[in-house]
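Only one structure is covered here, and it is reproduced in the block below.
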Amino acid sequence: MNPTSHSQLTLALALIICFITFVVLAHQVFYFGPLIGYNVPIYHLMRSLRNPIADYIFVAITLLGNYVLAFSWVIVFVYLALRKNFWAAIHWLGLGVLAIVSMEVLKHFVHETRPPGLFRPPSSWSFPSGHSTISMAILGGFAVLLTRDWPKLSRWLTYITFIVIMGLIMFSRLYLTAHWLNDVIGGALLGFCCLAIFTISYRRKHTARISVKELLVAGVGAFI
């Protein structure tokens, strides 16, 4: 990490802003505040867009944000542990655990019901969206690991690619009416908070370089 860089401070400020925004949103959801009034119009808009072909596409996309990402997370952790890069392995493990535990705890605390209309809705509460939280944390964390020593332009092109994948997963939850819009926004904010904590802590120490090719084989291979 360049000692003259302000990226850690910028990331810390972004973490504080996102955390405060998440707390405000969670408060609105818990007390049915006016800021969540957009949920029903967006819900009906998504239902009006439904068609059989798009349904198959977005069901496939939404599956990427669940067991597929969880499997990839485990495989990357095993790879990092076998390569004895314990600093990265511990942080990667902690990122996933933090995202999953915080999301599950908040679901049971807020107790928001899911949108109506699903033939077989998930049994868990709706806020925050688990798919949004996990995809933001895991995909974002993988991008941080992958691009640590890359030039700025290459890093940002990679970040944009991963952001597009995250966006598709999050949109699929809205399209399939599995979540309200505030669930997806809340999940993205929570996932970013977990990602920011992971990144700030991971970058405090300059460890041995991770093989990009091997990391791609482990992470992207498992994802595919």
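Determine if region 13-25 includes at least one residue that is touching a helix residue (DSSP H, G or I) at 6+ places or on another chain (Cβ under 7 Å) and more than 18 Å from residue 136 (Cβ to Cβ). No: zero hits.
Scanning region 57-96 for residues that are open to solvent by 70 Å² or more (accessible area, probe 1.4 Å), within 18 Å of the chain's Cα centre (by Cα) and either of a type outside the set (A, V, I, L, M, F, W, C) or on the phi > 0 side of the Ramachandran plot (or both) yields a total of 1. The C-beta contact set for region 101-114 (first residue under 13 Å from residue 29 (Cα atoms) and acidic (Asp, Glu), second residue open to solvent by less than 80 Å² (accessible area, probe 1.4 Å) and part of a loop (DSSP other than H, G, I, E, B), distance under 8 angstrom, 6+ apart or interchain) comprises 112/126; 112/127; 112/180.
Taking helices (runs of 4 or more DSSP H) as the structural unit, no element lying wholly within region 117-224 holds at least 2 residues that are among the basic types (Lys, Arg), touching a strand residue (DSSP E or B) at 6+ places or on another chain (Cβ under 7 Å) and open to solvent by 60 Å² or more (accessible area, probe 1.4 Å).
The values are calculated or read from the model by the stated rules, or taken from the named source; none is laboratory data. Given the structure is predicted, the values throughout are model-derived calculations rather than measurements. Quick reminder, even Gly has a Cβ in these numbers, built from the backbone with ideal geometry, and neighbours come from all protein chains shown. Accessible surface areas use protein heavy atoms only, side chains included; no ligands, DNA or RNA. Shrake-Rupley method; radii C 1.70, N 1.55, O 1.52, S 1.80 Å.
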